[in-house]
Amino acid sequence: MIKIEAIVREDKFEDVKEALNKIEVNGITVYQVMGCGKQKGHIELVRGTEVDITMLPKIKFEIVVSSEEWEEKTIKAIQEAAYTGSPGDGKIFCYDMRSVMRIRTKETGTAAIN
Ligand SMILES: Nc1ncnc2c1ncn2[C@@H]1O[C@H](COP(=O)(O)OP(=O)(O)OP(=O)(O)O)[C@@H](O)[C@H]1O
Ligand SMILES: [Mg+2]
């Protein structure tokens, strides 16, 4: 099981949600977050000039999938839907997920995801 976290532009929320829906990824958690990447929230940094770090609003998706095959499909869907080509498009982080339980049925592991 793999946990995928994707930080995307606010205005890409609908596109990413639809892309995930299309490949039939069902379990999704979404957060409104603030963050910065290597531009520290600014599109341009003047070299040598001290600039405060500015946090920009972003959307974070969390998705747990059952296999590497689903991981690949999910990453591809997010990358394509969230892409503009300009700085600030976001990042996708993946982690090994140790355990999952569906509370209603007490199912664990991949049975709790599918
Ligand atoms: N190393 C990181 N650790 C945690 N969160 C990050 C990291 N890099 C980016 N983020 C999150 O992703 C958001 C978007 O980052 P962003 O796309 O600007 O990354 P970047 O590395 O600066 O790439 P780009 O050059 O395309 O802008 C940030 O606002 C932050 O929330
Ligand atoms: Mg950036």
Taking Cα atoms only, helix 13-22 is inclined relative to the longest principal axis of the chain by an angle, in degrees rounded to 10, of 30
So, with points 7 Å from each Cα along the Cβ direction, the TYR31-LYS91 label distance in nm works out to 1.4
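Nearest 500 deg cm²/dmol is fine: what mean residue ellipticity at 222 nm does the chain get from its DSSP H runs of n ≥ 4 alone, each adding -39,500 (n - 2.57), divided by its residue count?
Result for the chain: -7000 deg cm²/dmol, rounded to the nearest 500.
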Taking a crude spin-label model, label points 7 Å out from Cα along the C-beta direction, the ARG98 to ALA111 distance in nm is 2.2
Residues other than GLY90 with Cβ under 13 Å of its Cβ, Lys/Arg counted +1 and Asp/Glu -1, net out at 0
Rounded to the nearest 10 Å², the 1.4 Å probe accessible area of CYS36 is 60
To the nearest 10 degrees, the tilt of helix 68-82 (Cα long axis) against the first principal axis of the alpha carbons of the chain is 40
Computed about the Cα centre, the charge dipole of the chain from +1 Lys/Arg and -1 Asp/Glu charges at the Cβ has a magnitude in debye, to the nearest 20, of 320
Between the modelled labels at GLU5 and GLU24 (7 Å from Cα along Cα→Cβ) the distance in nm is 2.9
For the table LYS38/LYS76; LYS12/LYS76; LYS40/LYS91; LYS22/LYS76, the rows whose alpha-carbon distance is greater than 18 Å are LYS38/LYS76
Rounded to one decimal in Å, the inverse mean reciprocal Cα-Cα distance for region 2-112, i.e. its Kirkwood radius, is 15.4
For SER67, the residues 5 or more places away or on another chain with a placed amide H closer than 5 Å to its own amide H are ILE2
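The values are calculated or read from the model by the stated rules, or taken from the named source; none is laboratory data. Treat the numbers as computed from the prediction; the structure is a model and nothing was measured. Here the Cβ is made from the backbone with ideal geometry for all residues, glycine too, and neighbour counts use every protein chain on show. Each accessible area value is taken on the protein alone, full model and side chains, heavy atoms only, with ligands, DNA and RNA left out. Shrake-Rupley method; radii C 1.70, N 1.55, O 1.52, S 1.80 Å.
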